[in-house]
Amino acid sequence: RALRAICREAEKEKELKDAKRLFCEVFMGYEETRKRALSIEQLRMVADADLEDMPSLGMARDLFILSYYLRGIPFIDLAYLRKTDIQDNVLRYRRSKTGRMLTITLEPWMWEIIKRYRCENTDSPYLLKIIQKPGTIPEERRQYESALRLYNKHLYRLSERLGLEVRLTSYVARHTWATLAYNEDIPVSKISAGLSHASEEITHTYLRSFSDEQLAVVNLQMAALVNPMAAKEWKGKEKERGKENRNDKERKSIQNELHTSVPIPGRKRNDSGGKGTISN
């Protein structure tokens, strides 16, 4: 597709003739990709794996879980996170692909991983030790690409070690967050907002009604599937929500019992006990 786009531009500049004919026999459509999401059982296997004997796999696993905790943040955005992106325990960053701003409340289980791999180089603006040496844009890009290759290599070795049916890659964390959220009956609209899908412009127009607080609750529920600390906090929130639901039911029950004596807003109350009389 990239080559076809270049050829089309070349045709516009009169550097090439009949660019369309060059690709007439080449398939340019989308094929169904292999399964990319982990089940909850597989995700827990990854999170709970004992990797003390393999520190490199341990770091890859931790970054993978951090990506899941951060609503499936892509590795490129994880690598380019800046120290200044965190203010008042809230992470705000722009997606490299779409330029959209995302806001994520940082929880203790996220900080645990961030602190473990925080970049200690005071000259570096980056949060994590993925791009360790600040330099020119091409130099930093080479560091990112090298880190990505190594990350995917270690993830592959980890999936082989754990006997997972799904081959781990940097994007599996993102697909897993979305799939498990859907399996938890979270509305697709909120999932789209959490992932900031650039291709769903109409949905994004509708989703602007969801607050950062609402998305933080969704993210807490996702973390609770794999992290004991998050599970405890989510359980507490569920109890609070259950109590609120019971109170709502009690209020509705009382209102149903009293509905005959409660005037309907905007209507004139009829005190005759029956049909109103029409006066001439």
Could we say that Thr98 is in a loop (DSSP other than H, G, I, E, B) and of a type in the set (Ser, Thr, Tyr) here?
-> yes
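Could you identify the single residue in Leu63, Leu127 that is within 15 Å of the chain's Cα centre (by Cα), at pLDDT 95 or above and buried (at least 16 other Cβ atoms within 10 Å of the Cβ)?
After ruling out the rest, the residue left standing is Leu63.
The values are calculated or read from the model by the stated rules, or taken from the named source; none is laboratory data. Source: prediction; values computed, not measured. Here the Cβ is made from the backbone with ideal geometry for all residues, glycine too, and neighbour counts use every protein chain on show.
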